[in-house]
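The structure under discussion appears below in the form of C-alpha cells.
The values are calculated or read from the model by the stated rules, or taken from the named source; none is laboratory data. All values reported here derive from a predicted model rather than from experimental measurement. Virtual Cβ from ideal backbone geometry, glycine too; neighbours counted across all protein chains shown.
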Amino acid sequence: MRYAPLLVTMGVLWLAACSSLTSYNSGGGGGSGGGHSTTITVGNDFFSPTPDTVSAGAVTFTWSTPSAGHTLIWDSAPGTLPTDQTVAMTSGSLNFTSLQAGTYQFHCSIHGGVGTGMHGTLVVQ
C-alpha cells in the first residue's frame, strides 16, 4: 500500500507523455488543416515523417544528424522543382515557403536515390 501513491503518479505521467506523442505514417491527415507536421526531420538515414500530407504553403526540413550529413534532392514536383540542397548538412534547416498542391518526391544523394534508400514523399493539398 505504501507504493500506491508512487504508482498513481507514474501512471498519470505515463498517460500525459503518451497523449503528447505524434503518430506519423498513420494515414492521410484529415481535418480542415489537411495535414500533419510542416516540419520534416532529416535524421541518420531517414526522413520523418514520410509520407506526409500538409496544407499548401511552407514546409521546413530540419537536420538533426551527428554523422557526415545528408542532402535534399527533389525528384519530382507538380511544377518547377524546389532548389536542391546538394551540400551535405548535419544541422540547421531549410524553409520552402510556396509549395503548391501536388506530390513531391525527394531523396538524399548520399544514402538514397529516386524511390530507394533514404527517400521521401510529401503530398501538399
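Per-structure values
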| item | result |
| --- | --- |
| Inter-residue pairs, beta-carbon under 9 Å, first in contact (Cβ under 8 Å) with a residue 24 or more places away in the chain and in segment 61-81, second of a type in the set (Asp, Glu), 6+ apart | 65/45; 70/45; 71/84; 72/84; 73/84; 74/84 |
| Answer residue from segment 100-125, given it is of a type in the set (A, V, I, L, M) and part of a strand (DSSP E or B) and is farthest from residue 57 (Cα to Cα) among those | 110 |
| Residue check, residue 48 modelled with pLDDT of 95 or more, of a type in the set (Ser, Thr, Tyr) and closer than 18 Å to residue 105 by Cβ | no |
